[in-house]
Structure formats: structure tokens, C-alpha cells
Amino acid sequence: MDMNSMAASIGVSVAVLRFLLCFVATIPVSFAWRIVPSRLGKHIYAAASGVLLSYLSFGFSSNLHFLVPMTIGYASMAICRPKCGIITFFLGFAYLIGCHVFYMSGDAWKEGGIDSTGALMVLTLKVISCSINYNDGMLKEEGLREAQKKNRLIEMPSLIEYFGYCLCCGSHFAGPVYEMKDYLQWTEGKGIWGTKQPSPYLATLRAIFQAGICMGLYLYLVPQFPLTRFTEPVYQEWGFWKKFGYQYMAGQTARWKYYFIWSISEASIIISGLGFSGWTDDASPKPKWDRAKNVDILGVELAKSAVQIPLVWNIQVSTWLRHYVYERLVKSGKKAGFFQLLATQTVSAVWHGLYPGYMMFFVQSALMIAGSRVIYRWQQAISPKLAVVRSIMVFINFLYTVLVLNYSAVGFMVLSLHETLTAYGSVYYIGTIIPVGLILLSYVVPAKPYRSKPRKEE
């Protein structure tokens with residue numbers, strides 16, 4: 001069977017099929033890393049395998065694109081260490097935005113196409129974190145956050161170490177994002193990799209099995225809930241609840257595609273050994289593979305609060321945003337507020353691409369999280385004696401999260417301003433009005449955590 005026939009049989013383009021084959025190939029290629037001798041050999045293998053799979057997936061030009069942010073990051077570390085983090089951040093994002101605009105990557109992905117911009121997005125975060133951590137290496141430990149202490153780089157990585165870190169094939173296409181310090185310790189057999197390592201094979205098979213289920217569900221659901229339906233006359237004829245139900249199913253259908261992609265990435269990182277993150281504290285310790293994990297499927301679908309979503313969806317990018325944007329916008333001695341949340345979500349939107357749908361989704365998500373926090377504060381203000389009332393508030397927060405998340409996700413999927421507003425307006429902007437209403441109501445009905453009154457001594 002040729003490529004055209006194979007692509008037609010699963011309903012994708014030849015370009016997407018070629019990418020999928022190379023993407024799945026990251027699993028055996030990552031396994032082979034384990035048997036490469038010497039640290040230098042492992043760095044060369046990591047870089048060369050990433051370059052080769054990129055070439056096979058996207059063509060020669062992809063590696064030229066990757067070279068630009070890599071050069072920016074390494075040159076800034078070599079020439080201007082005190083400012084290398086901020087230089088790499090802004091120039092790296094500028095180049096990524098230029099590629100988003102030139103390739104119109106969002107439209108390509110929406111129409112079933114593929115290009116190297118997705119891999120460039122992951123690479124951009126890696127070179128930025130490397131530069132910022134090298135910048136942090138100049139600072140005294142006092143006053144640094146735990147993440148800064150853990151990840152900071154005292155010495156500049158060599159060029160081959162840098163290339164291996166940037167292009168390591170297991171995470172090059174779709175993440176997860178990881179730190180340079182972890183990559184170096186993994187390659188050198190230091191830190192948690194300096195002791196006897198657990199077998200990765202059972203965890204790898206679990207991730208592959210999960211990927212198969214997710215792909216099967218996506219292929220089954222996507223013909224039934226096409227995104228084009230939002231602008232068709234039949235959609236406008238439906239009642240409110242049917243429209244809302246369709247938004248929920250369209251959002252859930254799209255998520256299964258991401259679950260598949262991240263499950264394959266998880267398998268690649270686990271089988272290489274890089275995904276290992278320590279042992280549980282149980283009586284019978286079990287290995288943890290958190291470094292490879294990018295999504296908790298049940299955590300997303302059954303989230304009790306919108307605040308939990310960044311902790312279970314695109315986990316490693318959310319962690320990156322927290323360490324390199326959110327926390328660094330908080331002044332010493334101050335607490336983070338809505339500004340830090342909105343700024344972080346804006347950076348995330350720009351990282352995805354300059355589409356109105358992305359912008360609206362991430363502004364919506366900031367409102368969604370802020371509204372969920374209001375419900376949680378009201379819940380905490382209720383006496384524990386009123387357990388039933390507290391449980392009702394938990395359920396309300398769950399329903400709120402389901403409603404607003406899937407409403408907001410429409411913008412992320414359809415991208416254009418017209419289609420996003422059409423979909424939002426079809427359900428009377430309920431997913432915008434409710435969070436804004438909750439935020440405003442929190443000023444009228446403020447809540448403080450319940451504290452039991454001390455008993456008077458008799």
C-alpha cells in the first residue's frame with residue numbers, strides 16, 4: 001500500500017501521515033539512545049536523530065528554522081550573560097510569531113495540514129528556559145525560588161550539549177518541555193539517574209495503549225462533530241441546549257487528538273529514561289514518570305475546578321509558564337493577582353499563534369480560572385458542619401468548569417473572529433457572562449475561609 005492509499009484510509013493528508021509515522025518512530029529511536037556509548041555519543045545521537053526525523057517529517061527547511069532560535073539563545077548566553085534571558089525571550093518569540101504569520105500554521109492545522117511550527121513552538125520554550133537559567137546562575141541563591149535554585153546553570157553548556165538538548169527526538173515534535181539541567185544529568189547518569197533505574201517498558205506500553213484508545217475515539221467522533229457545523233444554517237436553527245451540547249462534544253472530540261499526541265510523546269520520553277522522576281513514598285516504592293507526562297485525561301474531563309486545568313492539561317508547558325512568566329511577574333513580598341494570570345495567558349496565546357480565536361480563548365481561560373476561585377472561596381467560607389452545602393458548591397464548580405471550558409475551547413478550535421463570535425453568540429455569551437458576573441459579585445459578597453470559634457473556658 002502506498003502513502004496516498006494509507007493516508008486516504010485514515011482520512012488524513014500524505015504530509016500528516018508522514019509526520020505521524022516519524023512521530024511514532026520517536027519511540028524506537030528514543031529506546032536506541034539507551035545503548036549509545038559515551039556521553040558525547042549520546043549528545044550527537046540526540047541531535048542527529050532529531051535533525052533526521054525533522055527532515056523526513058517537514059523537509060530540509062525545518063532544520064534551518066530551528067537553527068535560528070537556537071543561535072539566538074546560544075549567542076546571547078556567550079555574548080551577554082546578564083541579559084541573555086530577556087534577549088532570548090523576546091527575539092525567540094518574535095521569530096516564532098513571524099513563522100506563525102508566514103505559514104498561517106493555525107489554518108493549516110485546522111484544515112488537516114502540518115508544518116514545522118509546532119516543533120518550533122516547543123524548541124522556543126527550551127532555548128528560552130536554558131538562557132534564563134544560565135542568567136540565574138549569576139545570582140545568589142538567597143531570594144531565589146525553589147525552581148530557580150533547582151534549574152539554574154552555573155556553567156555554559158557546550159555546543160554539542162546544547163544541540164542535543166534542543167533537538168532530542170523524543171520531545172522535539174510535541175514536547176514535553178524539560179530543563180537543560182535534567183537533560184545533562186540524564187545524559188551523564190547523575191542525580192536521580194545515578195542510581196539503579198527502573199524498567200520503563202510497562203509504563204511505555206501503558207502510554208502506547210492509551211494513545212491507541214485516544215486515536216480510535218478521535219477518528220470515531222471527528223466525522224460526527226465537524227467544526228464547520230458552527231457556521232452552517234442548521235446549527236443556528238437548534239435550541240440553546242442542543243447548541244451547548246454540540247460545543248461540549250466538539251471540544252471533547254478535539255481533546256482526544258491532543259491526548260493521542262501527548263501519549264506518544266510520553267511513551268518516547270519514558271522509554272528513553274528521561275521521563276523518570278523518582279520514586280513514590282509508599283511502603284513499596286514505585287517509579288514515577290512525571291517528567292514525561294503532559295496530560296491527565298481524567299483530571300481534565302472530571303476537573304472539580306478550573307484552577308486544576310493548567311495542572312492536568314499540557315502540564316509541562318503550564319509548568320514552564322508558571323516558572324518563567326507567572327512567578328517572575330510577582331514582586332518580592334507580593335501576592336500574584338489577576339494581572340499575572342492574564343499576562344501569562346496572553347503569552348500562552350501568542351505562543352500558539354496570532355489568531356483571534358487563540359486570544360479570546362486564553363482571555364476566557366483567565367476569566368474562567370478567576371471565576372472558579374470565587375466559587376472556591378465561597379465554598380471555603382461555609383462551615384464544615386454544613387457538609388451537604390459544601391458538596392453542592394463543589395458540584396457547582398465542576399459544572400461551571402465544564403460549561404465555560406468547552407464554551408471557551410470553541411475559539412481555540414475555529415480560530416477566526418467571525419466563527420468564534422458566532423459560536424459564542426449562539427449561546428448568548430453565557431461562558432463569558434458567568435465568569436465576569438462571579439468576579440464582580442465577589443466584591444459585593446466577599447468570602448473569608450471559615451474558622452471555628454474557640455470555646456470559652458468554663
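Some points to look at:
- Looking only at the range 214-238, and only at residues there that are in a helix (DSSP H, G or I), crowded, with 16+ Cβ neighbours inside 10 Å and not aromatic (Phe, Trp, Tyr), the one that is modelled with the lowest pLDDT: LEU227
- Failed item in (1) closer than 17 Å to GLN364 by Cβ; (2) modelled with pLDDT of 95 or more; (3) surrounded by fewer than 19 Cβ atoms within 10 Å (Cβ to Cβ), with THR422 passing the rest: (2)
- If only residues of the range 340-361 that are open to solvent by 20 Å² or more (accessible area, probe 1.4 Å) and touching a Ser or Thr at 6+ places or on another chain (Cβ under 7 Å) are counted, the one that is nearest to ILE97 (Cα to Cα) is PRO356.
- Qualifying residue in the range 342-357 (condition: over 21 Å from the mean Cα position of the chain (by Cα) and assigned to a helix (DSSP H, G or I)): no
- Taking the criterion of being among the aliphatic types (A, V, I, L, M), open to solvent by 50 Å² or more (accessible area, probe 1.4 Å) and not in a helix (DSSP H, G or I), the residues of the range 1-39 that qualify are MET1, ILE35.
- In the range 110-123, the condition of being open to solvent by 50 Å² or more (accessible area, probe 1.4 Å), part of a loop (DSSP other than H, G, I, E, B) and touching a residue at least 12 places away in the same chain (Cβ under 8 Å) is met by at least one residue.
- Residue, nearest to ASN135 (Cα to Cα), within the range 153-193, restricted to residues that are aromatic (Phe, Trp, Tyr) and in a helix (DSSP H, G or I): TYR162
- Single unsatisfied condition, PRO384 versus (1) open to solvent by 30 Å² or more (accessible area, probe 1.4 Å); (2) in a helix (DSSP H, G or I); (3) touching a residue at least 12 places away in the same chain (Cβ under 8 Å): (2)
- Hits in the range 262-290 - residues which are crowded, with 22+ Cβ neighbours inside 10 Å and assigned to a helix (DSSP H, G or I): TRP262, SER263, ILE264, SER265, GLU266, ALA267, SER268, ILE269, ILE270, ILE271, SER272
- Just one of (1) part of a loop (DSSP other than H, G, I, E, B); (2) open to solvent by 20 Å² or more (accessible area, probe 1.4 Å) fails for TRP241. It is (1).
- Test: residue in the range 145-165 that is buried (at least 20 other Cβ atoms within 10 Å of the Cβ), under 26 Å from GLY353 (Cβ atoms) and at pLDDT 95 or above: yes
- Selection status of SER57, over 23 Å from LEU91 (Cα atoms) and small (Gly, Ala, Ser): yes
- A residue that is more than 23 Å from LYS257 (Cα to Cα), touching a helix residue (DSSP H, G or I) at 6+ places or on another chain (Cβ under 9 Å) and not aromatic (Phe, Trp, Tyr) occurs somewhere in the range 1-14.
- Across the range 194-210, the number of residues qualifying as assigned to a loop (DSSP other than H, G, I, E, B) and surrounded by 13 or more Cβ atoms within 10 Å (Cβ to Cβ) comes to 3.
- Counted residues, the range 291-309 - those being crowded, with 21+ Cβ neighbours inside 10 Å and either within 9 Å of the chain's Cα centre (by Cα) or not aliphatic (A, V, I, L, M) (or both): 4
- Selection of the range 294-326 for residues being within 20 Å of VAL122 (Cα to Cα) and among the acidic types (Asp, Glu) yields only ASP296.
- For the residues LYS42, LYS83, the requirement of being under 30 Å from LYS140 (Cα atoms), assigned to a helix (DSSP H, G or I) and either free of Cβ contacts under 8 Å to residues at least 12 places away in the same chain or not hydroxyl-bearing (Ser, Thr, Tyr) (or both) singles out LYS83.
The values are calculated or read from the model by the stated rules, or taken from the named source; none is laboratory data. Predicted model only: the values in this text are computed from it and were never measured. In this analysis, Cβ positions are derived from the backbone assuming ideal geometry, glycine residues included, and neighbour counts consider all displayed protein chains. SASA here: full protein model, heavy atoms, side chains in, ligands and nucleic acids out. Shrake-Rupley method; radii C 1.70, N 1.55, O 1.52, S 1.80 Å.
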